[in-house]
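The values are calculated or read from the model by the stated rules, or taken from the named source; none is laboratory data. This is a predicted model, so every value here is computed, not measured. Note that each Cβ is placed from the backbone with ideal geometry, even for glycine, and that neighbours are counted across all protein chains shown. Side chains included, ligands, DNA and RNA excluded: accessible areas come from the protein's heavy atoms. Shrake-Rupley method; radii C 1.70, N 1.55, O 1.52, S 1.80 Å.
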Amino acid sequence: MKPTFYVTTPIYYVNDVPHIGHAYTTVAADVLARYKRLMGFDVYFLTGSDEHGQKVEKAAITAGETPLELADRVVKRFQALWERLGISNNDFIRTTQERHKKGVSRIFSDILDRGDIYLGEYEDWYCTPCETFWTETQLIDGRCPDCNRPVEKLKEESYFFRMSKYQEQLLAHIEANPDFIQPKSKRNEIISFVKEGLRDLSVSRTTFSWGIPVPGNDRHIIYVWFDALTNYITALGYPDESGNFGRYWPVDIQLIGKDILRFHAVYWPTFLMAAGLPLPKKVFAHGWWTVEGQKMSKSLQNVVEPNMLIDRYGVDVVRYFLLREVPFGLDGDFSHSALVNRLNSDLANDIGNLLSRSTAMAVKYFDGILPDPDVLAEIDLALKNKTEEMVTAVDKFIDELAFSKALQAIWDVISAGNKYIDDTAPWTLTKDPAQKNRLATVMYCMLESQRIVHCILSPFLPTTAGKALASLGWHEEITKDALTWGGLKAGRTIVKAEALFPRFEEKE
Ligand code: ME8
């Protein structure tokens, strides 16, 4: 049986349209999913939409729609974007689906029955846009510490989750599992937060109606985060153990932005503990994108629309840029000039030129039929070794979610390939008939190195990989074995590659 691998993204709110922030997490998860499939894992990749709560209810009122009409309309934009971006998710969960509502009611009832959810009364400062209650001391100048908007004092009957009870158990778990929360800096933040003490958490609301009612008391709506977080198991058919839930839970990696780490590293694991379920193996909080140095926001009208980027630069360019430009875990800044730089130098120049010049030579010198290599000389072995070492390094970097390092390691081999051609100078070898075997070896090595490069790049650049590999005469399925030197056999037809990535010339 194949080992399983379950990866999730946040489920995105439908009161906003998709932008590069959402695309970032989703592309990263897609690369992981594709890479693990390639390595022989049985992968389940989940994304979806968060459709309940007061924010969505308010947005619907403003738009003159019902919340469900709004959700139906906006969710299509997410789904269409994921399709354009080549996202290979196995499932898309919407929190308005029956399967989800059933699962949420079930886990809520379970925790209620176990006594870790109880009915009480609540009074505190509430920030509606953030759907968060704050204590007096948490407010900054009387406003929401997260978004700086005004808060209102709310008193309501509420169900509470006994989160305080799980403080020590959670700390012990975080300490015993150094990989549970990553990156490390974020793990430390969570440890300090938990050490300050966990309060019981209000998990129901009576102030609005758009959500899942509390089982047995439908005056109360289940708190939107309790509802949303549960998607990671309801999508697997929880509580039914016989299908995907039994097979894929606990999740291997939950990718999120740093904005929602506390929900995923404190609330979610304690809910699971209370329900007696295993905890996620890893939560990774990546950094935040700004745009040309500014926070992305509707009011600043600087929201970067991924469809526009795809139209202008191409899907693989966008995927590449997002994961190459900024080390995963750190904040990054989006600018068109940075993207164009990456496109023109890394993609058009380095990898694109390498493929077109080498396939052109194979066509010119060997009529496009891949020759058998002779015994490898030192310079050939160096390229072979570098390619093989890269495969090992990429595996390690992907395991650490160090996508930009993985790409850097691949690009080192691309640079080595370009240098290899300059050093071996096939255009000189071809003039001397006595060098025919030497020329054959050089052709083979430069093409085989690139075959492996494009195979291992396929999770990052799925569209490009297909084109590049076809011109290298490789039409097989890409599996782990494809990453071994020697896969390309003599006799294959090499076709001169068109420019993989046309240069982008900035118009004045
Ligand atoms: O928080 N930079 O949904 P959401 C990087 N529904 N990533 C960004 C980003 C940016 N500027 N902007 C958004 C929610 N993201 C909840 C989640 S999960 C059970 C419920 C990404 O639509 C990043 O992954 O506000 C962030 O965590 C997520 O979008 C927030 O999406």
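Tabulated results
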{"item": "Residue in the stretch 226-233 that is hydroxyl-bearing (Ser, Thr, Tyr), under 20 Å from residue 198 (Cβ atoms), within 14 Å of the ligand (Cβ to nearest atom) and open to solvent by less than 30 Å² (accessible area, probe 1.4 Å) present", "result": "yes"}
{"item": "Any pair with Cβ under 8 angstrom, 6 or more apart, that starts in the stretch 360-387 at a residue that is closer than 16 Å to residue 452 by Cα and ends at one that is in a loop (DSSP other than H, G, I, E, B) and among the hydrophobic types (A, V, I, L, M, F, W, C)", "result": "370/488; 370/490; 370/494; 384/376; 384/485; 387/485"}
{"item": "Condition check for residue 28: in contact (Cβ under 8 Å) with a residue 24 or more places away in the chain, farther than 30 Å from residue 220 by Cβ and open to solvent by less than 10 Å² (accessible area, probe 1.4 Å)", "result": "yes"}
{"item": "When residues of the stretch 178-198 are limited to those that are assigned to a loop (DSSP other than H, G, I, E, B) and in contact (Cβ under 8 Å) with a residue 60 or more places away in the chain, the one farthest from residue 329 (Cα to Cα)", "result": "198"}
{"item": "Residue check for residue 424: among the polar types (S, T, N, Q) and closer than 25 Å to residue 345 by Cβ", "result": "yes"}
{"item": "Some residue of the stretch 305-320 being away from the ligand (no atom under 15 Å from the Cβ), in contact with a Pro (Cβ under 9 Å, 6 or more places away or on another chain), farther than 30 Å from residue 268 by Cα and not in a helix (DSSP H, G or I)", "result": "yes"}
{"item": "Selection from the stretch 416-437 of residues that are open to solvent by 60 Å² or more (accessible area, probe 1.4 Å) and either at positive phi or not in a loop (DSSP other than H, G, I, E, B) (or both)", "result": "419, 422, 423, 427, 428, 433, 434, 435, 436, 437"}
{"item": "Residues of the stretch 269-291 satisfying the condition of being open to solvent by 20 Å² or more (accessible area, probe 1.4 Å) and either more than 10 Å from the ligand (Cβ to nearest atom) or among the acidic types (Asp, Glu) (or both)", "result": "273, 276, 277, 278, 279, 281, 282"}
{"item": "Residues (assigned to a loop (DSSP other than H, G, I, E, B) and open to solvent by 30 Å² or more (accessible area, probe 1.4 Å)) located in the stretch 346-381", "result": "367, 372, 373, 374, 375, 376, 377"}
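Residue by residue, here is whether (1) within 11 Å of the ligand (Cβ to nearest atom); (2) surrounded by 18 or more Cβ atoms within 10 Å (Cβ to Cβ) holds:
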| residue | (1), (2) |
| --- | --- |
| 219 | no, no |
| 236 | no, yes |
| 256 | yes, yes |
| 267 | yes, yes |
